[in-house]
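J.: Below: one structure in structure tokens.
The values are calculated or read from the model by the stated rules, or taken from the named source; none is laboratory data. Source: prediction; values computed, not measured. Glycine also receives a Cβ, built like all others from the backbone with ideal geometry; neighbour counts cover every protein chain displayed. Areas reflect the complete protein model, heavy atoms only, side chains present, ligands, DNA and RNA absent. Shrake-Rupley method; radii C 1.70, N 1.55, O 1.52, S 1.80 Å.
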Amino acid sequence: MIKPLLSLLILSAFSLTASAQNFAYGNYSQKEMDMKRYEGDTSAHAVVLNEYGTSSMNVMADDAVKIVYEYHVKIKILDNKAFDKGTIEIPFYTADSDNWEFVDDIKAITTYKDDNGNVQTAELDPSKIFSTKENKYWSAKKFALPNLRAGAIIEYKYRVTTPYWDKFQAWHFQDDIPKIASVYEVHIPAFWSYNILLRGKLPLTKNVQNVEKSCFSRHGSECDCSHMTYGMENIPAFTQEDYMTSPKNFISAMYFNLSEYTNLSTGAKIMVTREWKDIDYNLKHSDYFGAQLRKKDLLKTYIGPSIAGKTGDLNKAKAVYAYVQKNIKWNGGNTRGSYEGIRKALDNHTGNAADVNLTLVTGLNAAGILAEAVLLSTRQNGKINKLYPVEDEFDYVIARAVIDGTTYLLDATDPMLAFGMLPLHCLNDQGRVMSLDKPSYWIDLAASETKNMSSALDLTLMPNGKLKGKVITYSGGYQGYEKRKAIKKFNTVDEYVENLDERLGKIRILKSSIVNLDTLDMPLREEYEVEIDAFDNINHARLAINPFLFDRITNNPFKLEERNYPVDWGMPSKYWYEVTLHLPEGYSVDSSPQTQAIALPNQGGKFLMMFESADGVYKFSNLRQFSKSIYAPEEYPYLKEFYNKMVAAEKAELVFAKK
């Protein structure tokens with residue numbers, strides 16, 4: 001299993017002399033102004049010339065201890081494709097009216113050459129800084145750098161103050177543009193202890209730690225501070241590519257997790273980061289989690305009619321699963337707890353992911369089926385840091401049921417998900433099984449199904465040059481799930497077919513039949529009678545056609561020279577495609593696609609292409625198979641070349657000549 005590089009930086013109580021300094025605001029060099037491209041990455045549209053941040057814990061005027069974060073950056077805009085770097089948005093937390101974060105000390109300047117080649121500067125007008133309410137939790141300060149143009153240097157700085165000690169500002173050394181220098185300086189009084197994590201592939205070029213004597217004082221409580229400076233130089237851009245999990249799993253960055261602090265009034269130490277047994281206890285005794293799992297008697301009244309007359313635990317489980325799918329519509333919220341209770345979700349017929357799936361767990365137990373909740377972090381949320389248990393890192397919950405010795409992972413948030421399937425966003429490393437009567441433990445979150453599709457075309461060339469015949473497609477596993485979701489976006493199946501007909505261009509659908517649309521545990525079957533505008537007529541000496549009439553691969557999604565993170569499909573896949581052509585008498589094969597067999601190393605996948613003919617019937621078949629869910633970075637060059645060969649192979653034409 002692929003795991004991101006994770007380093008633990010220990011706060012050491014030793015003294016070093018070096019100390020970082022912020023760079024001067026508004027300064028520039030002639031070299032920076034004249035820069036036309038960044039030699040470290042000539043494809044870059046912008047480059048960070050310098051970046052500096054600092055965080056410290058200060059006693060404020062209201063006597064509260066708050067974290068003050070200051071950020072300062074200078075960026076060279078190399079061309080107009082980087083103009084988005086001149087639009088700035090600073091989020092800040094405003095859910096609690098008594099403890100808001102706030103942003104101030106915003107300054108920004110653009111340095112540029114005018115049409116005569118003279119260097120000019122334009123300061124940000126404070127009246128052009130806007131505050132917006134994004135949602136009930138977050139607000140944002142927004143502004144745009146003035147006089148933005150290619151070749152300009154933009155620079156801005158701001159300060160964020162937060163009362164939340166567990167929101168110590170992370171620092172992202174990597175971004176989507178390269179950086180020449182990035183430095184982060186932190187000051188942490190000994191009354192607070194943080195676990196500091198360096199994630200990503202890149203090494204620090206600066207790691208300086210020293211002790212500041214008697215740096216913090218409040219009401220007679222005094223302590224030393226750990227003063228740490230972290231830096232990197234010549235940092236490459238992080239380029240996102242298809243088929244990856246959250247970028248934060250791989251971007252080089254530093255994170256600060258509060259582990260404990262001292263109550264300045266009593267001197268008591270308060271543990272924040274604890275052991276798993278502490279997380280277990282908290283969840284089991286919480287209103288939003290453990291209390292909901294104990295409502296079996298409540299669920300019996302809801303699910304009773306659904307399981308009445310059902311024999312066998314699997315049939316009962318499927319009935320409970322279907323009941324929850326039908327009766328609680330997922331509102332799109334990802335949470336680890338049912339904060340308003342599963343009864344309200346059942347009565348209102350809507351709720352977040354935890355409302356849905358804690359109802360499912362409780363309902364299964366009420367039906368006499370062994371079920372437990374599984375906490376996880378979705379793909380976009382990133383992988384869990386397993387070194388230090390932090391409940392807040394989980395953002396989703398699913399169900400785990402054991403039926404007749406077989407384990408099923410279940411998510412009832414989507415009515416198109418078959419029993420035993422998890423959506424792609426849940427297929428992310430491991431989840432933590434939370435039981436009411438035993439310690440929690442990790443399990444793998446692997447796909448129980450593959451993504452597979454087979455298509456068979458049987459076509460006859462007509463005297464008018466059109467191909468006419470049938471197309472039959474079976475979509476199973478995750479392919480069936482995706483196809484069902486695509487169909488259900490339309491009001492009726494007829495609307496879907498009409499839309500498909502419009503998108504197919506030269507292929508006209510004459511008749512259609514779709515089977516097993518609502519039978520989720522069966523492959524979806526589509527059958528179409530089609531007419532294809534292949535040729536204007538058949539009075540030609542040669543007829544050429546590309547046999548890939550559907551789903552031809554024309555583009556390689558893998559374009560990076562080097563990819564330092566895995567390719568993660570989520571599940572293995574298999575695609576079978578077959579075309580049978582019936583031609584009028586008097587034609588023979590002039591040229592055909594070459595038989596090919598391409599394989600990935602270590603049985604990672606294969607691509608087969610075959611052609612045969614007999615008695616006026618010509619058959620072409622193709623197999624594309626990826627046998628693994630995840631391909632490691634060292635397998636990337638092979639995967640990239642594999643795609644290049646597939647793209648080239650699928651350009652081949654089948655040519656018939658008139659005898």
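J.: Could you state the accessible area per residue of segment 598-648 in Å², with a 1.4 Å probe and every protein chain left in place? Numbers along the way, then the final one.
T.: Details: 2460 Å² over 51 residues.
For segment 598-648, the per-residue accessible area is 48 Å².
J.: So, one more: Can you work out D for segment 39-98 in µm² s⁻¹ from Stokes-Einstein, where Rh is the Kirkwood radius over C-alpha pairs, the temperature is 10 °C and the viscosity is 1.306 mPa s?
T.: Values: Rh = 14.9 Å.
Reported coefficient: 107 µm²/s.
J.: Can you give the angle from 0 to 90° between the axis of helix 493-503 and the longest principal axis of the chain, with both taken from C-alpha atoms, to the nearest 10?
T.: The helix 493-503 is inclined about 90 degrees to the chain.
J.: R0 = 45 Å: FRET efficiency of Ala486 with Leu370, Cβ-based, nearest 0.05?
T.: Numbers: r = 35 Å, r/R0 = 0.79.
For Ala486 and Leu370, the calculated efficiency is 0.80.
J.: Along Cα→Cβ, 7 Å out, is where each label goes; now give me the distance between the ones at Ala24 and Asp104 in nm to one decimal.
T.: 2.7 nm
J.: When the Debye formula is applied to the Cα atoms of the chain, each taken as the same point scatterer, what base-10 log of I(q)/I(0) results at q = 0.12 Å⁻¹?
T.: Each listed q maps to, in turn, -1.34.
J.: For the chain, which cysteines have no second Cys with its Cβ under 4.7 Å from theirs?
T.: Within the chain, the cysteines lacking a partner Cβ under 4.7 Å are Cys223, Cys426.
J.: With the crude spin-label approximation of a point 7 Å out along Cα→Cβ, what separation in nm comes out for Ser588 versus Asp115?
T.: 7.2 nm
J.: For a Förster distance of 30 Å, can you work out the FRET efficiency between the beta-carbons of Asn315 and Ala291, rounded to the nearest 0.05? Please list the in-between numbers first.
T.: On the way: r = 29 Å, r/R0 = 0.98.
Calculated value: 0.55.
J.: Take peptides 479-489, 147-157, 594-604 and line them up by average Cβ neighbours within 10 Å, highest first, as a rough protection proxy.
T.: On the way: 479-489: 18.5, 147-157: 20.1, 594-604: 13.1.
Highest-to-lowest ranking by the protection proxy: 147-157, 479-489, 594-604.
J.: Could you please tell me the mean projected area of the C-alpha convex hull for segment 152-301, averaged over all directions and given in square nanometres to one decimal? Display every interim value, and only then the final one.
T.: Values: hull surface 61.8 nm².
The number I arrive at for segment 152-301 is 15.5 nm².
J.: For the chain, take the longest principal axis of its alpha carbons; what is the angle in degrees between that and the long axis of helix 313-327, to the nearest 10 within 0 to 90?
T.: Its long axis makes an angle of about 70 degrees.
J.: At a Förster distance of 22 Å, what's the computed FRET efficiency of Arg552 paired with Asp501, Cβ-Cβ distance as r, to 0.05?
T.: 0.75
J.: Let me ask something else about it. Counting each DSSP H run of 4 or more residues in the chain as -39500 (n - 2.57), what helix-only mean residue ellipticity at 222 nm follows after dividing by all residues, to the nearest 500 deg cm²/dmol? Write down the numbers at each step before the final one.
T.: On the way: 10 runs with 103 residues, N = 659.
It lands at -4500 deg cm²/dmol.
J.: Here's another thing I want to ask about it. On a C-alpha basis, how far is the centre of segment 37-66 from the centre of segment 461-483 in Å? Whole number, if you could?
T.: 55 Å
J.: Further question on the same structure: Full extension from Asp494 to Asn282: what is 0.36 nm times the residue separation minus their Cα-Cα distance, to one decimal in nm? Display every interim value, and only then the final one.
T.: Values: separation 212, 0.36 × 212 = 76.32 nm, distance 5.15 nm.
Between Asp494 and Asn282, full extension yields 71.2 nm more.
J.: How much length is gained on full extension from Tyr638 to Thr460, taking 0.36 nm per residue of separation minus their Cα-Cα distance?
T.: Numbers: separation 178, 0.36 × 178 = 64.08 nm, distance 3.86 nm.
Working it through step by step, the gained length comes to 60.2 nm.
J.: Considering only protein heavy atoms and a 1.4 Å probe, what is the carbon-and-sulfur percentage of the accessible area of the chain? Don't skip to the end; give the middle numbers.
T.: Values: 15030 of 31380 Å².
Of all accessible area on the chain, carbon and sulfur atoms account for 48 percent.
J.: Something else: How large is the translational diffusion coefficient of segment 274-381 in µm² per second when you combine the Kirkwood radius over alpha carbon pairs with Stokes-Einstein at 25 °C and 0.890 mPa s? List each step's numbers first, then the result.
T.: Working: Rh = 14.2 Å.
Reported coefficient: 172 µm²/s.
J.: Suppose we look only past 17 Å in the calculated P(r) of segment 542-659. What percent of the Cα-Cα pairs does that tail hold?
T.: Working: 4110 of 6903 pairs.
When every Cα pair of segment 542-659 is considered, 60 percent fall beyond 17 Å.
J.: Same structure, new question: Indicate the gyration tensor shape class of segment 353-511 (rounded, prolate or oblate), computed on the Cα atoms with a ≥ b ≥ c the square roots of the eigenvalues: a/c under 1.5 is rounded; otherwise a/b larger than b/c is prolate and the rest oblate.
T.: prolate
J.: Expressed as an acute angle from 0 to 90° and rounded to the nearest 10, what is the orientation of the C-alpha long axis of helix 353-366 relative to the principal long axis of the chain?
T.: Approximately 70 degrees, to the nearest 10.
J.: Starting from 0.36 nm per residue, how many nanometres of slack lie between Ala140 and Asp444 once their C-alpha separation is accounted for? Before the final figure, lay out the partial values.
T.: On the way: separation 304, 0.36 × 304 = 109.44 nm, distance 3.77 nm.
That pair, Ala140 and Asp444, stretches by 105.7 nm at full extension.
J.: Separate question: Ranked highest first by average number of other Cβ atoms within 10 Å, how do 164-172, 119-127 line up?
T.: On the way: 164-172: 17.4, 119-127: 12.7.
Ranking, from highest mean packing down: 164-172, 119-127.
J.: Let me know the shape class of segment 212-281, please: from the alpha-carbon gyration tensor, a ≥ b ≥ c as square roots of the eigenvalues, rounded when a/c is under 1.5, otherwise prolate if a/b is greater than b/c, or oblate.
T.: On the way: a/c = 5.02, a/b = 1.58, b/c = 3.17.
Cα axes put segment 212-281 in the oblate bin.
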